[in-house]
Amino acid sequence: MENPIYAHDTLEFVTVAAEYCALLERCEELTEDELVGTLLKLLPLLYMKVQLLPEVDTEGAFVPDDQVTEQDYDFIRGGLYRLLRKHDEYELLVWDEDMQTEESRWCSVSEGLADVYQALRNFVAVYQQRLEPCMMDAIWQLRDNFELYWGQTLLDSLRQLHRIRFSMNSNADEEDS
């Protein structure tokens, strides 16, 4: 039986997650259009790849500590905000199953992307340390947090990035006319 830590799908996910982290860590070098275009390709790939991660059984004895500091998070969020400033905030309609109502709330693309970064950077950091018990627990923790939190955050951010991309294109078309 293949070790889930080194399974093909796991290593592919680690590669894509590291690419996402590297992109956000150097976002100040990019234009808004470059960032949005790359994220529109990378986020769907991340969403697909995390679902291919093997399910692992663990007792959670080696769940790794967070590697992303508050300063790291603020650096990423701030860099994204500087690029996306005029498009950063958006209204999200949320359906509450329990109350059978719809409510709206204001969200931030930069914060959502930084939240995804935090989950992925913590995961990648464990793989860089190569401590197998921690790596197994990191897979479990990542899948669990994806289901409970950052998967939906990724999708909400992707939806807004789609709007940004195509409003930028329609604005450029109008300016060319």
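The values are calculated or read from the model by the stated rules, or taken from the named source; none is laboratory data. Treat the numbers as computed from the prediction; the structure is a model and nothing was measured. Methodologically, a virtual Cβ is constructed for each residue, glycine included, from the backbone with ideal geometry; neighbour enumeration extends over all protein chains shown. What goes into the accessible areas is simple: the full protein's heavy atoms, side chains included, and nothing from ligands, DNA or RNA. Shrake-Rupley method; radii C 1.70, N 1.55, O 1.52, S 1.80 Å.
Observations
- Annotation: G151 fulfils all but one of (1) surrounded by fewer than 20 Cβ atoms within 10 Å (Cβ to Cβ); (2) within 22 Å of E70 (Cα to Cα); (3) more than 13 Å from the chain's Cα centre (by Cα); (4) touching a residue at least 60 places away in the same chain (Cβ under 8 Å); the unmet one is (3).
- Restricting attention to segment 23-47, the residues that are under 12 Å from the mean Cα position of the chain (by Cα) and closer than 22 Å to V68 by Cα total 7.
- Selection from segment 106-140 of residues that are aromatic (F, W, Y) and within 19 Å of A61 (Cα to Cα): F123, Y127, W140
- Long-range neighbours under 8 Å by Cβ, at least six apart or interchain, first residue closer than 16 Å to L142 by Cβ within segment 1-26, second open to solvent by 90 Å² or more (accessible area, probe 1.4 Å) and modelled with pLDDT under 95: none
- Residue in segment 114-132 that is open to solvent by less than 80 Å² (accessible area, probe 1.4 Å), modelled with pLDDT of 95 or more and in contact with a strand residue (DSSP E or B) (Cβ under 8 Å, 6 or more places away or on another chain) present: no
- Close pairs from segment 72-86: first part of a helix (DSSP H, G or I), partner of a type in the set (F, W, Y) and modelled with pLDDT of 95 or more, Cβ under 9 Å, at least 6 apart: D72/Y117; Y73/Y117; I76/Y117; R77/Y117; L80/Y117
- D33 vs. criteria in a helix (DSSP H, G or I), open to solvent by 40 Å² or more (accessible area, probe 1.4 Å), in contact with a Pro (Cβ under 9 Å, 6 or more places away or on another chain) and not aliphatic (A, V, I, L, M): no
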